[in-house]
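Single-structure report; data block below.
The values are calculated or read from the model by the stated rules, or taken from the named source; none is laboratory data. Keep in mind it's a predicted model, so treat the numbers as computed, not measured. Reconstructed Cβ throughout: ideal geometry from the backbone, glycine too, with neighbour counts over all protein chains shown.
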Amino acid sequence: MTIENKRRAIFTVLSDVLSDTSLWEVMWHWQENYSDKPQFELNHFLGDCLEVPEIAENRSWLYRQLIGILMDRNTELKDDPWPQMLDYQTQLTGVPTQVSATENWGPVFTQVMTSIMSGLRSDSQYTLGKYLSDYLIKSDADQELKDSFRLWIAERTELNTSQMDVYKLKRLLNVAYIAICELLGPVKADKILSNAINETHSMFPDSNTDPRLLL
């Protein structure tokens with residue numbers, strides 16, 4: 001299950017008992033500390049939130065609901081709360097809620113991809129690089145980007161993304177995530193992606209190119 005679907009599942013359950021500030025604080029706690037962890041950590045997650053009365057009073061029930069909804073692929077999930085979470089975060093930190101298409105996302109995207117690669121073994125790095133290269137060859141990406149990507153694979157130079165808008169970069173990152181899921185499984189893929197985003201965010205604090213907006 002992808003981070004997005006796990007987040008939707010958590011939100012589907014918690015939004016029935018929480019609202020407003022408490023809901024977004026708990027959702028962010030999950031996002032930053034548990035989104036890359038396996039399901040059995042959910043009880044620990046709920047234990048972290050016992051200062052919230054609704055969770056303290058319904059912990060066992062919430063845990064059963066969360067496990068049930070995560071295991072049932074046919075359950076109808078609520079929409080991804082990520083936009084609302086970003087709105088809440090904006091109020092606290094000033095991080096924008098919308099991706100800026102006019103900013104230079106090249107250095108940030110390059111660092112995210114570099115961090116992802118650093119979390120893989122050499123054979124997995126090769127497989128991921130080939131997967132992404134094949135994807136770009138079949139896509140409508142500019143030839144300059146294709147050439148730049150091949151050079152990045154070989155030498156880790158900065159990717160030239162001047163001819164590729166941020167929305168296509170988001171798609172390319174998603175393709176990378178799918179490839180890692182196929183290689184290592186979703187739990188490890190989630191952790192690698194989460195670590196890459198967090199590491200890049202610490203290196204590029206500019207809110208206009210917050211790497212979390214690439215998810």
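For this structure, a couple of remarks:
- Within the stretch 33-89, tally of residues that are under 19 Å from the mean Cα position of the chain (by Cα) and assigned to a helix (DSSP H, G or I): 14
- Test: residue in the stretch 151-172 that is assigned by TED's automatic domain parsing to the domain that holds Gln125, in contact with a Cys (Cβ under 9 Å, 6 or more places away or on another chain), part of a helix (DSSP H, G or I) and among the aliphatic types (A, V, I, L, M): no
- Cβ-Cβ distances below 8 Å connect no pair with a first residue in the stretch 192-215 that is over 21 Å from Asp87 (Cα atoms), a second residue that is buried (at least 22 other Cβ atoms within 10 Å of the Cβ) and modelled with pLDDT under 80, and a separation of six or more residues or different chains.
- Residue within the stretch 103-119 that is farther than 17 Å from Pro211 by Cβ and assigned by TED's automatic domain parsing to the domain that holds Asn208 present: no
- Scanning the stretch 1-24 for residues that are without any contact (Cβ under 8 Å) to a residue 40 or more places away in the chain and not polar (S, T, N, Q) yields Asp16, Leu18, Asp20, Leu23.
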